[in-house]
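None of the figures in this text is laboratory data; all of them are computed from the coordinates on show. Not measured: the values here are computed from a predicted model. Because the Cβ atoms are built from the backbone with ideal geometry, glycine has one as well, and the counts that use them run over all protein chains shown.
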């Protein structure tokens, strides 16, 4: 190549470099702006602190408990003992409607309760208490100081992103005071509403009795309110002299907002 042609080629390379510099610089500035935007974006929910997650859960659960206390609902309970071949060896049925009396107190109106056929174990008052207590709601949020709550990570329930919390009694439950019931287990709370979607655990103390590990699910009753829909347990209870395969199936349904006072009478109470 002649010196003249080499000079012309160098001139065009320099000219091209000068013309492309603003474009390259603009792209560099644009990339820097995107990176700066990401750094300045709000902290995503996954980076919430453990303390804030627990605090928002307690607030949300108190609101759910208040909403539930304004609803009537029905509950169908089936407790069963299961034989070695999977057959039902005994059954306890208790269908109820939860209403309010004329003083505004929630009461259970039993609508169907045939004699129990369970013989391998005794259904106790603590079993019945747990059905309307920890197995329905899990942690008693009105007495949250009775518990230690700790963050256990993230999970998914029914396609929804959730936070997993571990719940333990703050002090060891006294087996001599069986009426003081404590939930021990885990709760899955929705990452957006902080409402419970699932509960899994056991009720303590157990004393000489044995209680199953259970799961309770909540489903949306409205766009913003999740209430219990079912409780299931399928566990082997280890008594000193025997093991009992025990099953619980509970359904909660027909939720209705309580709008007026009413007087509830027993079936055998004459009307005035």
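Taking 0.36 nm per residue of sequence separation and subtracting the Cα-Cα distance, how much length would be gained by fully extending the chain between residue 52 and residue 109, in nm to one decimal? Intermediate values should be presented prior to the final figure.
On the way: separation 57, 0.36 × 57 = 20.52 nm, distance 3.95 nm.
Difference between extended and current length: 16.6 nm.
Here the contact order of region 68-174, divided by its residue count and restricted to Cα pairs under 8 Å and six or more residues apart, works out to 16 percent.
Spacing of the modelled spin labels on residue 172 and residue 123, each 7 Å from Cα toward Cβ, amounts to 3.3 nm.
In what sequence do 52, 116 fall when counting other Cβ within 10 Å, fewest first? Please report the intermediate quantities before stating the final value.
Values: 52 10, 116 14.
Fewest-to-most ranking of 52, 116: 52, 116.
With the cut-off at 1.5 for a/c, could you classify region 99-138 from its C-alpha gyration tensor as rounded, prolate or oblate?
Oblate, since a/c reaches 1.5 and b/c is not below a/b.
Rounded to the nearest 0.05, the FRET efficiency derived from the C-beta distance between residue 154 and residue 234 at R0 = 25 Å is 0.40.
From the square roots a ≥ b ≥ c of the eigenvalues of the alpha-carbon gyration tensor of region 47-200, which class results: rounded (a/c under 1.5), prolate (a/b over b/c), or oblate? List each step's numbers first, then the result.
Values: a/c = 1.81, a/b = 1.52, b/c = 1.19.
Taking the square roots of the gyration eigenvalues as a ≥ b ≥ c, region 47-200 is prolate.
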